[in-house]
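Since the structure comes first, as structure tokens, the remarks are kept for the end.
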Amino acid sequence: MLKDPFEVKRIRIPIENSKSSPNLIPSQSHRRMVGCICEPEADSINWLELEKGDPVQCYCGHWFKLVNYEDYFNMTNQ
């Protein structure tokens with residue numbers, strides 16, 4: 001059973017990430033909107049539309065990649 005069935009849980013992202021090692025975002029959908037709070041003091045959210053496939057870079061430099069849950073759990077439990 002999924003602990004976050006509506007995919008609204010806030011995910012803390014590591015400071016270091018790259019196109020070859022992006023932040024993995026799990027989703028059952030082929031497309032998902034993700035908000036990036038680029039700096040702790042930021043008062044706005046940068047919204048990105050992710051699609052399964054290639055990683056996407058936010059304006060602040062963070063990389064995100066949309067993956068299905070099975071791939072997410074396999075990659076994060078290594």
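Here, each number is a calculation from the coordinates, and none is a lab measurement. Quick caveat, the model's predicted, so the values are computed rather than measured.
Less than 5 angstrom separates the built amide H of K52 from none of the residues sequence-distant by 5 or more or on a different chain.
Around the amide H of V67, modelled in the peptide plane, lie the amide H atoms of I25, S27, all under 5 Å away and 5 or more residues distant in sequence or on another chain.
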